[in-house]
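A.B. asks: Structure in structure tokens, see below.
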Amino acid sequence: MFHQTQVFKSAAIEPPEPVREVETPPASLLELERLWRAVRNHKKLIAATTLMSLLAAIAFALVAKPQYTATTQILIDPTDLRAVENGLTPNNQLSDLAVLQVESQVRVLTSDSVLRRVIASEKLGSDPKLTGGAPSPWGAAIAAVAKPLGIARPTGSGADPTLAALAELQKRIRVKRAERTYVVDVSVTTDDPAKSARIANALAQAYLADQTASRSDAARQVSESLAARLNELKDRVRIAEQKVEEFKARNNIVGASGQLVNEQQVSELNNQLSLARARTAEAKSRFDQLQGMRRSGADVGAFTEAVQSQTMAALRSQYADVMRREAEQTTSLGERHPAVIEIRAQAQRLRRVIAEEVNRIAEAARSDYERARNSEEGLSRRLEALKRNTMTTNEARIGLRELERDVQASRRVYEAFLVRSRETGEQERLDTKNVRVISRADPPLRRSWPPSYALIALGAMLLGASGGTGLAFLRELGKSSERSTDAPADASVELPLLAVLPATGAADPLRAFEDPKSRSAAEIRKLHDTLRSGRKKWQGQSILLLSSESGGEAAVVAFSLALVAAASHTVLLIDADTHRQGASGICPSDSAGLMDVASGQKLLSEAVVRDPQTNINMLPLFAQRIGSYRDIENNQIKAAFDQTKRYDLVLVLTTMREGDPIGSFFAELVDSIVLIAREGATGGGIVNRAVALLGADAPKIKGTVLTKVKA
């Protein structure tokens, strides 16, 4: 006999990785099986709840009042139209601020001011469907019950129809901005398609009118505020100008053509002084020239003034004529002739007159020089005095400039307010909003509520089926709790309890199943039926019976279950309990095993042993003889196990032991798993050990079978 560790080490079967308890709770994975069992056992209840829900839906569809929703679309561009150069709001805005502005306008659309415009324009205050009007019998009954409780809504003449219509209209309006756009959808729901469209369009127009009015009011408010400040600013400018004029008068500051008179006089005197100095210099030069010529004895008649003088020209002409006659007479009459002497006397007189004339010219030059010098000195004295006055004036102008700056600042503010007041006054008549209706509401062709009859029926059926399934599951849980009450306290594991086998006390446990009316036989049949639930018969199914410890109780359960199934099906029982193989007495000690089939030493038909009395086919894992299975691979074992699918039901019995890969290996091959545990050894660790051993195959666990339960 080969030790099992040698066999499966050569078969390359490795133990699975441990599974954490919190990651794969088996109870949640197996609740579907319990739910399916509840549905199968309570079909009539589920059908009844489904039918009741469908009838209720039909009644609702018959009495429900149809509602119609009309939608209009408004484009709210946060950038206003540029009607004037200076607007009341900035033209360029950040995208986030623009979205916030549009979202604010969405709230404005449902504000009381806009809705009141709609109520007034459409006369909704007289609409009994919006204001309440005469209550229906059902509404009157509700009001009669709610009135003593203090929660009744005022109706009839005691309620304001406008407020009632406003409250009802707020319920029937839905405004939403389309994602990533400035388009706002305005939807109105009423019981009349035409009314829904009419109110939706009226709401859009009321919003446009409200925006125009609000902008006009804002412009008017700004204009009035500016106008109220204009008088004060005007008085401030006037007072500042008066201070400037008083200061000028007090300091003798006089201006002309934008320039002070003192400065003009200084400039003029300075120019006159320059001219006077030039004239003085010229006169002095002329006078000095005459004086020099007179002192040197030169002909004084040769200077410019003498040459240009008409008197001198006439005297010189006479003198030249006398000298000509003197020369003629002297030549013809001689020097001593009286006529010659007379001519010479005339010439002498003319020379004396010319000299006197030259002296007069020289004296005139001296007089011109003195007059020019006196004029220069006078102008210089006046200029010095005027400069002193100008310096005093300049010192006073320091304070004057401060006053003039105050005047300029006040004047600029006043002019800016005046211009802005005129602009805002004109903006009252301008409509600069960039809002327009891009899609008018049309009467809807289909109702928005209630949904279609097919959808109502489908929803009702789903709701009824879900409710019935829930009730069935609760009943199944109640039955499970009643059944677990009879079981020991340590059997309350998280897995479903498939069977509870009492302790027999007999030497041969199989005798407890000989009586069909015994509790053990009933529990085995219940286990058989539960595992076969949903199937009319077994068809190539395989079940792993995983025992918490090696012993005869697990073998009894496996054999008993095979015995029940073998009554009408072909059953193969594989004993994979390698720790005590043969001690259970299931398979003959000299038979071949599944490993022989995998190695090719035996055919499956040759290795399987059939018990003619019970009609059960039995097969051990490996033969109880010396042999070697070192060269067998896992895929060979899987291929050998696949050959067992020719049987209707295959039961594999093995033990759950730490470090033993057999359980996890067969768990991958079978369709479902059943845990077998003895009373007193069924704590929560059994389930956790099974999950850790089976890993990803843990969801195949159907439940637990308890053995040796005390009555």
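A.B. asks: Answer yes or no as to whether residue 410 is of a type in the set (Ser, Thr, Tyr), in a helix (DSSP H, G or I) and under 26 Å from residue 271 (Cα atoms). Show your work before the answer.
C.D. replies: Working: of a type in the set (Ser, Thr, Tyr): yes; in a helix (DSSP H, G or I): yes; under 26 Å from residue 271 (Cα atoms): no.
Judged against the criteria, residue 410 is not a match.
A.B. asks: From the set of residues in segment 521-560 that are out of contact with any helix residue (DSSP H, G or I) (no Cβ under 6 Å at 6 or more places or on another chain), hydrophobic (A, V, I, L, M, F, W, C) and assigned to a helix (DSSP H, G or I), which is nearest to residue 692 (Cα to Cα)?
C.D. replies: The qualifying residue nearest to residue 692 (Cα to Cα) is 554.
A.B. asks: Tell me yes or no: at least one residue of segment 138-152 is surrounded by 12 or more Cβ atoms within 10 Å (Cβ to Cβ), assigned to a loop (DSSP other than H, G, I, E, B), out of contact with any strand residue (DSSP E or B) (no Cβ under 8 Å at 6 or more places or on another chain) and modelled with pLDDT under 80.
C.D. replies: yes
A.B. asks: Right, something else. What is the one condition in (1) at pLDDT below 80; (2) in contact with a Phe, Trp or Tyr (Cβ under 9 Å, 6 or more places away or on another chain); (3) open to solvent by 90 Å² or more (accessible area, probe 1.4 Å) that residue 234 does not satisfy?
C.D. replies: (1)
A.B. asks: Restrict the check to segment 612-631 and report whether at least one residue is among the polar types (S, T, N, Q) and modelled with pLDDT of 90 or more. Can you show your working first?
C.D. replies: Here is the first cut: in segment 612-631, the ones among the polar types (S, T, N, Q) are 613-615, 617, 624, 628.
Remaining after also requiring modelled with pLDDT of 90 or more: 617.
Yes, segment 612-631 has at least one match.
A.B. asks: So, in segment 57-112, of the ones that are among the polar types (S, T, N, Q), under 20 Å from the mean Cα position of the chain (by Cα) and at pLDDT 80 or above, which residue ends up surrounded by the fewest Cβ atoms within 10 Å (Cβ to Cβ)?
C.D. replies: Checking each candidate, the answer is 104.
A.B. asks: One residue is enough: does segment 525-544 have a residue meeting the conditions closer than 22 Å to residue 661 by Cα, in contact with a strand residue (DSSP E or B) (Cβ under 9 Å, 6 or more places away or on another chain) and at pLDDT below 85?
C.D. replies: No, because not a single residue in segment 525-544 is closer than 22 Å to residue 661 by Cα, in contact with a strand residue (DSSP E or B) (Cβ under 9 Å, 6 or more places away or on another chain) and at pLDDT below 85.
A.B. asks: Quick one: in segment 181-220, of everything that is in contact with a Pro (Cβ under 8 Å, 6 or more places away or on another chain) and surrounded by 17 or more Cβ atoms within 10 Å (Cβ to Cβ), which residue is nearest to residue 96 (Cα to Cα)? Can you show your working first?
C.D. replies: The initial filter retains those residues of segment 181-220 that are in contact with a Pro (Cβ under 8 Å, 6 or more places away or on another chain), namely 182, 191, 193-194, 196-197.
Applying the additional criterion that residues be surrounded by 17 or more Cβ atoms within 10 Å (Cβ to Cβ) yields 182, 193, 196-197.
Numbers: 182: 12, 193: 37, 196: 33, 197: 32 Å.
Restricting to residues being in contact with a Pro (Cβ under 8 Å, 6 or more places away or on another chain) and surrounded by 17 or more Cβ atoms within 10 Å (Cβ to Cβ), the top hit is 182.
A.B. asks: Identify all residues within segment 361-374 that are of a type in the set (S, T, N, Q) and open to solvent by less than 50 Å² (accessible area, probe 1.4 Å); write none if there are none.
C.D. replies: At the first step, the residues of segment 361-374 found to be of a type in the set (S, T, N, Q) are 367, 374.
Across segment 361-374, the qualifying residue is only 367.
The values are calculated or read from the model by the stated rules, or taken from the named source; none is laboratory data. Small disclaimer: the values here were computed from a predicted structure and weren't measured. Note that we place each Cβ from the backbone using ideal geometry, even for glycine, and neighbour counts take in every protein chain shown. Side chains are part of the model used for accessible areas, which takes the heavy atoms of the whole protein and leaves out ligands, DNA and RNA. Shrake-Rupley method; radii C 1.70, N 1.55, O 1.52, S 1.80 Å.
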